[in-house]
Amino acid sequence: MRPSIPFMSLVPSDEAAVRRAIDRVLARGWFILGPELEAFERAFATASGAAHAVGVGTGTDAIVLALRALGIGPGNEVITTPLSAAFSALAIVMAGATPVFADVDPDRLTIDPAAIDAAITPRTAAILPVHLYGQAADMPRIMAIAARHGLAVVEDACQAHLATCEGRPVGTFGAAAAFSFYPTKNLGALGDAGAVVTNDASLAERVRRLRNGGQTNRYEHVEMGVNSRLDEIQAAILSERLTELPAWTDERRALARRYRERLAGAPVVVPREADAGHVYHLFVVRSARRAELMAHLDARGIGTLIHYPISIPRQAAFQAFADGEGAAADRAAAEVCSLPLHPRLTKAEVDVIAETIATWRPATPAGSSG
Ligand SMILES: *Cc1c(COP(=O)(O)O)cnc(C)c1O
């Protein structure tokens, strides 16, 4: 009999809690910038080990508003990774600044600190590292470079809720960090939502103003903001789910550990875990014969996805910014394959997936990386 293991399912496993949250908001009749958002912001800041969290409409807006609140915009370059959701670099453009791509470390797949160094110009204002797949970028080295050159750091932590880097929570290294609560993220809403996290009270205040049209008081606009608010229903749902997040994260880590055990000797490359604070938003393997691997799994009812098939500077929309080096990112984009991993996946399903990969016999000759 064929197994059928979709890449993921978004049907809530916590329907009772979600309904409780929605009912609470309906009964109160307060839908924007109310007590649910305030409570979630406090709880999320605490969970993230930061002093302040400001809820916004999306993770993309969280990056944009963090950059804008730091005064970064037209004329400024922001160094970032070519291997991420294109929204990371789109946010830099939305802030009015120019993305400059520095290649990834071929092993960790996060931005290579040496490549950052090489990409710095007199116009560089900030670095936007991405904690890819749930694993932190090399923040100690990135912060050292930033300090040496007087650059701001905004962390794209959209895939890294509760992750740590050498024991310290992601999002607390840079001036600010952006989180996404897009439904597929480790902490997901039932729609779009995001947050900026920071230890800087005045930066948090500026983001609060920017997300709400640039108003200080109602009807008093002191600067050009945007309309990007995290609504009460999503905030209430996120508060309920935040209490489950540590257990969900443990489950992701346990499943990832099992994948590693069961995939030992399989004809794919399993990237090493560079930091134990990895929260496994995605479990990614590599193969030079990825298309064959994905077809083999698909034929046996196992869903896979690619994160990401095209590096950002190779995207048509980013052609104008494509002059950076990205050989390691391009190679990763050609080889990475994300396997199913979510808190409701069972150990038995991981075993089936790993066994299906272990018994795969690639038809084409072996490449250099599995
Ligand atoms: C999801 C994601 C974003 C964008 O978040 P949205 O909430 O969809 O706007 C940005 N960067 C990374 C790394 C992401 O995974």
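The values are calculated or read from the model by the stated rules, or taken from the named source; none is laboratory data. Owing to the predicted nature of the structure, the values given are computational and were not obtained by experimental measurement. Cβ sites come from the backbone with ideal geometry, for glycine too, and all protein chains shown count toward neighbours. Ligands, DNA and RNA are excluded from the accessible area calculation, which covers all protein heavy atoms including side chains. Shrake-Rupley method; radii C 1.70, N 1.55, O 1.52, S 1.80 Å.
Tabulated results
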item: Total charge dipole magnitude, the range 245-358, about the Cα centre, Cβ charges on Lys, Arg, Asp, Glu only, Debye to nearest 20; result: 240
item: The chain: calculated mean residue ellipticity at 222 nm from DSSP helix runs of at least 4, using -39500 (n - 2.57); result: -11000 deg cm²/dmol
item: Cα centroid of the range 1-32 to Cα centroid of the range 257-279, whole Å; result: 30
item: The range 243-370 - percent of accessible surface contributed by carbon and sulfur, probe 1.4 Å; result: 53
item: Trypsin sites (Lys or Arg not before Pro) within the range 243-324, DSSP loop, no more than 10 other Cβ atoms inside 10 Å; result: Arg272
item: Shape category assigned to the range 117-233 from the gyration tensor of Cα positions, a/c cut at 1.5; result: oblate
item: Exposed-loop-free span, longest in the chain, where GluC sites (Glu not before Pro) count as exposed if DSSP calls them loop and at most 14 other C-beta atoms lie within 10 Å; result: 1-165
item: The chain: relative contact order as a whole-number percent, Cα under 8 Å and 6+ apart; result: 23
item: Interchain or long-range residues, amide H under 5 Å from Ala163's placed H; result: Val170
item: Sequence-separation-based contact order of the range 212-370, relative, with Cα cut under 8 Å and 6+ spacing, percent; result: 30
item: Anisotropy class of the chain from Cα gyration tensor, a/c 1.5 cut; result: oblate
item: Backbone HN-Hα couplings from phi across the range 73-88 [Karplus 6.51/-1.76/1.60, Hz, Gly and Pro as x]; result: x, x, x, 9, 9, 10, 7, 9, 8, x, 10, 6, 4, 4, 4, 4
item: Rounded to 10°, Cα long-axis angle of helix 245-262 versus longest principal axis of the chain; result: 20
item: Residues with amide H under 5 Å from that of Thr124, placed H, sequence gap 5 or more; result: Glu77
item: Amide hydrogen neighbours beyond the local backbone of Ile5, cut-off 5 Å, H modeled; result: Ile302, Gly303
item: Whole-percent carbon and sulfur share, accessible surface of the range 15-242, 1.4 Å; result: 53
item: Residue-normalised accessible area of the chain, given per residue in Å² at a 1.4 Å probe; result: 41
item: Nearest 10 degrees, 0 to 90: helix 35-48 Cα axis against the chain principal axis; result: 50
item: Rounded to 10°, Cα long-axis angle of helix 15-28 versus longest principal axis of the chain; result: 10
